[in-house]
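Peer 1: Have a look at the structure that comes next, please.
The values are calculated or read from the model by the stated rules, or taken from the named source; none is laboratory data. Because the structure is predicted, anything quoted here is derived from the model rather than measured. Because the Cβ atoms are built from the backbone with ideal geometry, glycine has one as well, and the counts that use them run over all protein chains shown.
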Amino acid sequence: MFSYTPLIVLFPLLGFIFLGLIGWRLKSEKLIGIIGSGTVGLSFLVAAMLFFQMLGLQPEDRKHAVELFTWISTFTGTPSSLTVPVAYQIDQLSILMTLIVTGVGFLIHVYSIGYMHGDPGFWRFFAYLNLFIFAMLNLVLADNFLLMFLGWEGVGLCSYLLIGFWYDRKFDTGGYKPGTATTSDAAKKAFIVNRIGDFGFLLAMFLIFIHFGSLNFDAVFGRAAVLTPGSSTMVWITLLLFLGATGKSAQIPLFIWLPDAMAGPTPVSALIHAATMVTAGVYMVARCSVLYALAPAAMQVVAIIGALTAILAATIGLVQNDIKKVLAYSTVSQLGYMFLGMGVAAFSAGIFHLLTHAFFKALLFLGSGAVIHAMHSEQDIQKMGGLKHHLPTTYKTFVVGAIAIAGIFPFSGFFSKDEILWKAFSSDYGSVFLWIFGVLGAGLTAFYMFRLVSLTFEGEPRYGHEIHPHEAPPTMTIPLIILAFLSVVGGFVGIPESLLGGNAIEHWLEPVFAPAYVKLRLASHGVEITEYVLMVLSLGIALAGIYAARLVYLRRIELAEGWKAKYARIYNLLFNKYYVDEAYDKAFVSSTVKVSEGLLWKGVDVSLIDGAVNGSAKLIALAAQGIRRAQTGIAQQYATVFVGGILVVLIWLMFK
Amino acid sequence: MDIQPYLLLSAITFTIGVVGVLARRNAIIVFMSIELMLNSVNLSLVAFSAFLGDVTGQMLVFFVMTVAAAEAAVGLAIIIALFRNKQTVNLDDINILKW
């Protein structure tokens, strides 16, 4: 049964090759859509089959690697020789990720058939999406760091291609170069910011290879399991890996690309920039949990960065007016929660939140796509309002998603977020400060989500009479309904013991994280009364956030205007995203551009390289100036030289 | 048979031909000098042929004469074309064969 694993990766690759090579000839959108989503659907079926068979096995039998072929081999007989196979590993964590990627991915593919209808790049879109799924599956199924890195770079490439899918459209990246940017600028920004993180990942990989002599997960983690915590090498490895994670998963300091990634089509935002790719960093940290367990200092960094990102992004999300930007900052914030979970050694809670977040954030993005579709590409929520009468299905599913992300019992977000918050408070590696940050962030999340719902769907219409919003076609609404259902019930896989649940997901993932838990010597906490208190507290704050948002934006809209004027300074700070883009621009971008232009372009390229090339040509031309006088064009002079040459040869022959 | 006089004559006519090609300015004269060189070679070929009792040399002479005839036709055609274009056959005025 495990031998079917490579099929999961193969189907999307075949879809990409087929659509990429002859997609442009296919006239029928239906056919392209069926091929594009069908390949992902097949992968999902294989993964689901594997999953159900794994359920019937003992926990220790649930892990298996299938080696396809040797990819790189530098075998020299010394311990430093490197052998990297293309091998796929199925275990409890990777099958979960595979199910999320292919399952949510399939729904978003189906949705895209409706959303991208009539687009001249229809086939190209599906080819890219298939390539993305292929790369993402490589990332989660790899059994060594290098193959994981291949997937890591592959999803980055697809992200770039899909953010800039409508490469000729204008896109306001906000503050920086206003009015001149196009979506391809946003794509480049995403790619370049990610490069910084990838650089960290690469360095970490080098260190791992030097330190452990292998890049295979089992070998590295096996050797790590016998080490004692505290070595500075481990801190470097884990921090560099985390730098990679901050790039891919949009954490401080590299979160700036994700909001601009909203330039891509909405299904892309849902699939890549909410549900799957951006969670790759979380997955990677979870996968390397043993290494992190050896470096508690690095775990502290992860937790603090996660908590700070959660609250920073949430505050920015309070005042944004672009429906997708609000969701983008919300994604950044939720990813912060996942890292907070990772940092306090609540690995399975982080993965649990990753799972539920994939459902409700994909739902919210697809819902926003349906709104944008209905409003003829209008994205400003100040120009919407009252849409619930025109888009009943979208409205209902969107509200379900909003409740789930706000963390209201018994929707999925409640269980996963609360698990993280409880661990942030109670874990040996957590602290009350991390918890306060998390709870504040949760309150803000509830507030900005219901601000979004109120301004978009409720109240009076604020758009022109020329727009007649209409509900989306069934290919778009059916995925919404399925995701809404999952957003409601998704949390039931992780009901904690304190609420008389089995916390199935934690037990399922237990074998993967067990070595890390052993290293960290976590004390097991029983059910405590504090847990209930904190639960009720965070629920109360979330409800308060919802109530406040509905009060302000439905009944007392003048309050919002009043605060905006009264606290103009804070409002501007938030509206301009803490001027992070501008600060980076001043600190890094403009100086890099200056050095590149002044030194590298005009100095090195024009003067040095072009100078050397043109200079040697000029030198030869100069030498030729003298020599070419000999070439008079009079054939008789040439003949004279010719005869002279013969004479010389003859004389030499005579006297030699 | 004594071959020296023939070779001497051949050498003299060949040298005259070379000097004519290098020194004269009129294209027709240069052309005639080339013919002179060919025929001096022919002379030495038949001389050796008779001297060695081998007809190969004489055979080669026929080839040379055939090529010379063809060359005469082409060469004269070139000179006529040249004259039509430049109104001169003075080789010093024909110097476009350069950079």
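Peer 1: Condition (residue is more than 14 Å from chain A (Cβ to nearest Cβ) and either closer than 21 Å to A:ALA635 by Cα or among the polar types (S, T, N, Q) (or both)) applied to the stretch B:16-24: is it met by at least one residue? Walk me through how you get there before you give the answer.
Peer 2: First, the residues of the stretch B:16-24 that are more than 14 Å from chain A (Cβ to nearest Cβ): none.
The answer is no; no qualifying residue exists.
Peer 1: Output the number of residues of the stretch A:198-233 satisfying the condition of being surrounded by 15 or more Cβ atoms within 10 Å (Cβ to Cβ), of a type in the set (S, T, N, Q) and part of a loop (DSSP other than H, G, I, E, B).
Peer 2: Within the stretch A:198-233, residues that are surrounded by 15 or more Cβ atoms within 10 Å (Cβ to Cβ), of a type in the set (S, T, N, Q) and part of a loop (DSSP other than H, G, I, E, B) number 1.
Peer 1: Of the residues that sit in the stretch A:612-624 and are more than 44 Å from the chain's Cα centre (by Cα) and among the hydrophobic types (A, V, I, L, M, F, W, C), which one is farthest from the other protein chains (Cβ to nearest Cβ)?
Peer 2: Within the stretch A:612-624, the match that is farthest from the other protein chains (Cβ to nearest Cβ) is A:LEU619.
Peer 1: Return a yes/no flag: does the stretch A:582-602 have any residue that is in contact (Cβ under 8 Å) with a residue 24 or more places away in the chain, in contact with a helix residue (DSSP H, G or I) (Cβ under 8 Å, 6 or more places away or on another chain) and away from every other protein chain (no Cβ under 14 Å).
Peer 2: no
Peer 1: In the set A:ILE627, A:ILE609, A:ILE651, which member is free of Cβ contacts under 8 Å to residues at least 60 places away in the same chain and within 14 Å of chain B (Cβ to nearest Cβ)?
Peer 2: When all the criteria are applied, what remains is A:ILE627.
The rows are residues; the columns are (1) assigned by TED's automatic domain parsing to the domain that holds A:VAL432; (2) part of a helix (DSSP H, G or I); (3) within 24 Å of A:ILE90 (Cα to Cα).
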position	(1), (2), (3)
A:VAL512	yes, yes, yes
A:ALA516	yes, yes, yes
A:LEU522	yes, no, no
A:VAL533	yes, yes, no
A:LEU539	yes, yes, no
A:ALA542	yes, yes, no
A:ALA548	yes, yes, no
A:TYR553	yes, yes, no
A:GLU561	yes, yes, no
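Peer 1: Does A:VAL84 satisfy the condition of being assigned to a strand (DSSP E or B) and surrounded by 17 or more Cβ atoms within 10 Å (Cβ to Cβ)?
Peer 2: Yes: the conditions hold for A:VAL84.
Peer 1: Turning to a different aspect of this structure: Quick test for you: out of A:LEU150, A:LEU139, pick the one residue that is in contact with a Phe, Trp or Tyr (Cβ under 8 Å, 6 or more places away or on another chain) and either assigned by TED's automatic domain parsing to the domain that holds A:GLN58 or surrounded by fewer than 22 Cβ atoms within 10 Å (Cβ to Cβ) (or both).
Peer 2: Of the residues listed, the single one that is in contact with a Phe, Trp or Tyr (Cβ under 8 Å, 6 or more places away or on another chain) and either assigned by TED's automatic domain parsing to the domain that holds A:GLN58 or surrounded by fewer than 22 Cβ atoms within 10 Å (Cβ to Cβ) (or both) is A:LEU139.
Peer 1: I need a count of the residues in the stretch B:80-99 that are more than 14 Å from chain A (Cβ to nearest Cβ) and not charged (D, E, K, R).
Peer 2: Number satisfying all stated conditions: 5.
Peer 1: Go through the stretch A:404-432 and report how many residues are part of a helix (DSSP H, G or I) and without any contact (Cβ under 8 Å) to a residue 24 or more places away in the chain.
Peer 2: 1
Peer 1: Could you tell me which of the residues A:ALA245, A:ALA250, A:ALA225 is in contact (Cβ under 8 Å) with a residue 60 or more places away in the chain and touching a Pro at 6+ places or on another chain (Cβ under 6 Å)?
Peer 2: Values: A:ALA245 fails: touching a Pro at 6+ places or on another chain (Cβ under 6 Å); A:ALA250 fails: touching a Pro at 6+ places or on another chain (Cβ under 6 Å).
So the residue among A:ALA245, A:ALA250, A:ALA225 that is in contact (Cβ under 8 Å) with a residue 60 or more places away in the chain and touching a Pro at 6+ places or on another chain (Cβ under 6 Å) is A:ALA225.
Peer 1: Restricting attention to the stretch B:54-76, does a residue exist that is under 17 Å from the mean Cα position of the chain (by Cα), within 29 Å of B:ASN42 (Cα to Cα) and within 14 Å of chain A (Cβ to nearest Cβ)?
Peer 2: Yes, the stretch B:54-76 contains a residue that is under 17 Å from the mean Cα position of the chain (by Cα), within 29 Å of B:ASN42 (Cα to Cα) and within 14 Å of chain A (Cβ to nearest Cβ).
Peer 1: Could I ask something else about it? Sort out which residues of the stretch A:478-498 are assigned to a helix (DSSP H, G or I), in contact with an Asp or Glu (Cβ under 7 Å, 6 or more places away or on another chain) and surrounded by fewer than 22 Cβ atoms within 10 Å (Cβ to Cβ), and write them in order of number.
Peer 2: Within the stretch A:478-498, just A:SER498 meets the criteria.
Peer 1: So, in the stretch A:566-578, exactly how many residues are part of a helix (DSSP H, G or I) and either in contact (Cβ under 8 Å) with a residue 12 or more places away in the chain or farther than 30 Å from A:VAL326 by Cα (or both)?
Peer 2: The first filter runs over the stretch A:566-578 and keeps only residues part of a helix (DSSP H, G or I), leaving A:566, A:568-575, A:577-578.
Going one step further and asking which of them are either in contact (Cβ under 8 Å) with a residue 12 or more places away in the chain or farther than 30 Å from A:VAL326 by Cα (or both), we end up with A:571, A:574-575, A:577-578.
Looking only at that region, the number is 5.
Peer 1: Now a separate question. For the stretch A:344-358, state whether one or more residues are surrounded by fewer than 24 Cβ atoms within 10 Å (Cβ to Cβ) and either without any contact (Cβ under 8 Å) to a residue 40 or more places away in the chain or assigned to a loop (DSSP other than H, G, I, E, B) (or both).
Peer 2: Within the stretch A:344-358 (the criterion being surrounded by fewer than 24 Cβ atoms within 10 Å (Cβ to Cβ) and either without any contact (Cβ under 8 Å) to a residue 40 or more places away in the chain or assigned to a loop (DSSP other than H, G, I, E, B) (or both)), the answer is no, since none of the residues qualifies.
Peer 1: Turning to a different aspect of this structure: Which residue out of B:SER40, B:SER33, B:SER49 is within 13 Å of chain A (Cβ to nearest Cβ) and hydroxyl-bearing (Ser, Thr, Tyr)?
Peer 2: The match here is B:SER33.
Peer 1: Go through the residues of the stretch A:513-521 one by one and say whether even a single one is of a type in the set (Gly, Ala, Ser), surrounded by fewer than 22 Cβ atoms within 10 Å (Cβ to Cβ) and modelled with pLDDT under 90.
Peer 2: Yes, the stretch A:513-521 has at least one match.
Peer 1: Checking A:ASN503 against (1) out of contact with any helix residue (DSSP H, G or I) (no Cβ under 6 Å at 6 or more places or on another chain); (2) at positive phi, which test does it fail?
Peer 2: (1)
Peer 1: Can you pull out the residues in the stretch A:630-648 that are among the β-branched types (Val, Ile, Thr) and within 13 Å of chain B (Cβ to nearest Cβ)? So that I can check it myself, show each step before the final result.
Peer 2: Here is the first cut: in the stretch A:630-648, the residues among the β-branched types (Val, Ile, Thr) are A:632, A:634, A:640-641, A:643, A:646, A:648.
Of everything in the stretch A:630-648, those that are among the β-branched types (Val, Ile, Thr) and within 13 Å of chain B (Cβ to nearest Cβ) turn out to be A:THR632, A:ILE634, A:THR640, A:VAL641, A:VAL643, A:ILE646.
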